[in-house]
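The values are calculated or read from the model by the stated rules, or taken from the named source; none is laboratory data. Quick caveat: nothing in here was measured; it's all calculated off a predicted structure. In this analysis, Cβ positions are derived from the backbone assuming ideal geometry, glycine residues included, and neighbour counts consider all displayed protein chains. These area figures cover heavy atoms from the full protein model, side chains too; ligands, DNA and RNA do not enter into them. Shrake-Rupley method; radii C 1.70, N 1.55, O 1.52, S 1.80 Å.
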Amino acid sequence: MRAVRIAEHGGPEVLEPVEAAAPTPQAGEVLVQVSAVALNNTDLWTREGAYGRPGDPEALSGWRGPIDFPRIQGADVAGRVVAVGAGADERLTGRRVVVDPAIYDADGPDANPIGLMGSERDGGYAEYVTAPAQRVHDMAESPLTDDQLAALPTAYGTALGMIERGRLREGETVLVSGASGGVGLALVQIARARGARVLAVSSGSKIGPVREAGAHVMIDRARDVPEQIRAAAPEGVDVALDVVAGNLVSEGLPLLREGGRWVVAGALGGYDVAFDVRRLYLHNAQVIGSAMHTPTHFGLLMDLARQARIQPVVAAVFPLHQAARAQEELARRRHVGKIVLHP
């Protein structure tokens, strides 16, 4: 099969188009012919080794530890099941599916992700990929395109995990940082579908698309963000869904209402954060870390996709052999929506 893999950490130049043996599904696995694979920031950071390790933030590392090279990247796969391994449900053969890319710490519905396809196991920058049968979701009934389905797993899974862990309820006011990114747009769409009032932080030419995604109020990142939040939500924010962190955490925590929740799933603005802890225990506020999703969250996401209650935005499509160019485009952050590869 045709694939693109990395044999070391580095820049886009380490992405190497190769001819490789197609994988064979093991017991309990299926073989998926990849129709579309979407890019994520995790592709960049895994390739660069930028995640660090506990106690050594500068160490070269994949999502959860050292990479077993060579590695085929790509967490977000939509395609069709073409073969099943021993013990897997043969009725999956021929089905249009989305793969849950998480590697979990247990089999239960509330298991936590401890690894990721494309980092801890080979992913979808290829014509074929294997996955546990229990992690493929039948999407034959979804009206979404394969490109849109591929846009869902990491970005929308992360977003729904944040929303579920933050216990966002109908009628609450929610702040979304980094709203023009893949996770940010997903947060805006899902929060709006939940009946929340959405304040979205973005800037420049990206404000329009974010508003179209469902934001009620736009917060211009180029201006005084806390001042704009106070004006838009004078009684405070119920839930902040944050992929930026940095100064936004210390400046934003005082803007939470009593019992507010600040959910963090990224650190684009910096991971070294300081804030007054009295804001937490005097106001019953919570800071919640959220890494991707649980199996339950992912099942809820697939239900939303079958009903087309979310509409992923596809910004650009590249052929597989142009994976390096596609990652360069992702790193420029000039787009709104997801970038997709076609094997």
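What the table shows:
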| item | result |
| --- | --- |
| Listed residue (G182, L152, M117) projecting farthest to the positive dipole end of the range 114-214, Cβ model | G182 |
| Separation of alpha-carbon centers, the range 296-319 and the range 220-235, rounded to whole Å | 30 |
| The range 148-213 and the range 67-134: distance between their alpha carbon centers, rounded to Å | 25 |
| Probe 1.4 Å, protein heavy atoms only - accessible area per residue of the range 155-194 in square angstrom | 26 |
| 16 Å reach of a label modelled at M1, 7 Å along Cα-to-Cβ, counting backbone N of the range 302-330 | 320-321 |
| Rounded accessible area per residue of the range 1-113, 1.4 Å, Å² | 46 |
| Pairwise FRET efficiency - A59 versus V82, Cβ, R0 = 22 Å, nearest 0.05 | 0.05 |
| For the range 239-335: rounded, prolate or oblate by the Cα gyration tensor [a/c cutoff 1.5] | oblate |
| Protection-proxy order for peptides 192-199, 178-185, 311-318, each taking the mean of Cβ atoms within 10 Å per residue, highest first | 178-185, 192-199, 311-318 |
| Shape category assigned to the chain from the gyration tensor of Cα positions, a/c cut at 1.5 | prolate |
| Residue-span extension gain [A140 to A267] - 0.36 nm each, minus C-alpha spacing | 42.1 nm |
| The range 1-48, dipole about Cα centre (Lys/Arg Cβ +1, Asp/Glu Cβ -1), debye to the nearest 20 | 140 |
| Helix-only [θ]222 nm of the chain, DSSP H runs n ≥ 4, -39500 (n - 2.57) each, per residue, nearest 500 | -7000 deg cm²/dmol |
| Zone residues, the range 109-140, relative to T24, backbone N less than 12 Å from point 7 Å out along Cα-to-Cβ | none |
| Gaussian network model of the chain, Cα within-10 Å springs - most flexible of P234, P66, P254 | P234 |
| The range 154-239: C-alpha gyration tensor shape, a/c 1.5 cut-off, then a/b vs b/c | oblate |
| Gain in span if fully extended, R334 to E251, counting 0.36 nm per residue against the direct Cα distance | 27.3 nm |
| Efficiency of FRET from Cβ geometry, W45 and D303, R₀ 30 Å, rounded to 0.05 | 0.50 |
| Net charge of Cβ neighbours under 9 Å - reference P132; Lys, Arg +1; Asp, Glu -1 | -1 |
| log₁₀ of I(q)/I(0) at q = 0.13, 0.21 Å⁻¹ - the range 81-234, Debye sum with one point per alpha carbon | -0.73, -1.30 |
